[in-house]
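Engineer: Here it is: the structure, laid out below.
Laboratory data are not the source of any read-out in this text; all were calculated from the coordinates shown. Given the structure is predicted, the values throughout are model-derived calculations rather than measurements. We place every Cβ from the backbone using ideal geometry, glycine too, and count neighbours over all the protein chains shown.
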Amino acid sequence: MVKENPEITIIQFALNDAFSGFTPKDFRANMAKIAEFISKNTASKIIFSTSVPVAYPYENSVAEMFYKEIESLAMEMDSPVAKVHEYWKNKIAAGEFTHGSLVQSDGVHPLEQGYRLMAECIAQEL
């Protein structure tokens, strides 16, 4: 990645990160190392990204703890955050989509339309 020196690098939170045994603080430290490496070795603009909302409130509440860490780190680094989870929630609340129309049967991994919404959200931060 460094060799290619991209103009933009997206660092995205994956829901697996919230359920892999890492605390939000550990997660933040790992994200900081990744972002610092990119900053020191490329001229790339970094955009942090949250993940998609899930159908279960408990899982969303766990993910929110990690999102707070992303937002804090991004603020420190003066980098934008594409809040994909909020973008999706707003589209669903507006009746434009259902959660099920955006994700695979596992309720987490996006379908094509879900990826389109993710791209729209990230594009707003360019």
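Engineer: If packing is taken as the average number of other Cβ atoms within 10 Å across a peptide's residues, how do 71-79, 11-19 rank, most packed first?
Structural biologist: Highest to lowest by the protection proxy: 11-19, 71-79.
Engineer: Packing-wise, with mean Cβ within 10 Å as the measure, how do 26-37, 49-60 rank, highest first?
Structural biologist: Ranking the peptides 26-37, 49-60 by packing returns 49-60, 26-37.
Engineer: For the chain, what percent of Cα pairs sit more than 17 Å apart?
Structural biologist: More than 17 Å apart: 58 percent of the Cα pairs in the chain.
Engineer: Hey, another quick one. Please compute the contact order of the range 6-63 in relative form: average sequence separation of alpha-carbon pairs under 8 Å and at least six residues apart, divided by the residue count, as a percent.
Structural biologist: 56
Engineer: Determine which lysines satisfy two conditions relative to K3: a Cα distance under 30 Å, and not lying fewer than 8 residues away in the same chain.
Structural biologist: The qualifying lysines are K25, K33, K40, K45, K83.
Engineer: Between K45 and M65, what is the spin-label point distance in nm, taking each point 7 Å from the Cα along the Cα→C-beta axis?
Structural biologist: Inter-label distance under the simple model: 3.4 nm.
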